[in-house]
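Read-outs: derived from the displayed coordinates by stated rules, not from any lab. Remember, predicted model here, so these are calculated numbers, not experimental data. Note: ideal-geometry Cβ built from the backbone for every residue, glycine included; neighbour counts use all protein chains shown.
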Amino acid sequence: MENYFKKVREYILDLELTIVSEDETKQVLVVSKEEDGVANMVIAVADPLVIIEQALFTINTENSDIFKKLLMKNRDIIHGAMVLDDEGKTVIFRDTLEISTLDKNELEATVESLSFLLSEFGDEILGFVK
């Protein structure tokens, strides 16, 4: 059986992401690359999937316009989507990939998708936080 955790870890290092923490027992890595907007991105290897999540911001209001704008922006995201946590307070960037066919380019596309989202939508996100 292939060790998917090590495979994902190698891809992370090849992509020059910094491993902030890792737990091979739980199959979880936390990575950062601040210049690309990656900050404490959680990568969980849960065969048959790799689940990638990064918290973006906390919602301080119940303004339906925010949710509408987030849903509309989801249409533009190449890989992944913005979702709410279980409490409905934190907006998270999330992507789910199939582990058995995962390659470095696919993982890189997810990271680049987040970077692109933040560069294109960052000012509006800052407005949501205020």
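Annotations for the structure displayed:
- Charge tally in the Cβ shell below 14 Å around residue 4, where Lys, Arg are +1 and Asp, Glu are -1, residue 4 excluded: -3
- Charge-dipole axis of the chain as Lys and Arg at +1 and Asp and Glu at -1 on Cβ define it, positive-most pick from 82, 54, 13: 82
- Among 61, 90, 18, the largest mean-square fluctuation in a Gaussian network model of the chain, built with springs joining Cα atoms closer than 10 Å, belongs to 61.
- Gaussian network model of the chain, springs between alpha carbon atoms under 10 Å - residue of 106, 35, 24 with greatest fluctuation: 35
- Percent RCO, i.e. relative contact order, over the chain, from Cα pairs under 8 Å lying at least 6 residues apart: 22 percent
- Computed label-point distance, nm, for sites residue 21 and residue 57 using a 7 Å Cα→Cβ extension: 2.6 nm
- The charge dipole of region 4-129, taken about its Cα centre with unit charges on the Cβ of Lys, Arg, Asp and Glu (plus for the first two, minus for the last two), comes to roughly 240 debye.
- Recomputing semi-axes √(5λ) of the Cα gyration tensor in Å from the coordinates shown identifies the correct label among [x] 20, 16, 14; [y] 27, 14, 14; [z] 38, 21, 9 as [y].
- For the chain, the longest principal axis of the Cα atoms and the long axis of helix 104-129 meet at an angle of about 20 degrees.
- Entry note, the chain: the mean residue ellipticity at 222 nm calculated from DSSP H runs of n ≥ 4, each adding -39500 (n - 2.57), is -12000 deg cm²/dmol after division by the residues and rounding to the nearest 500.
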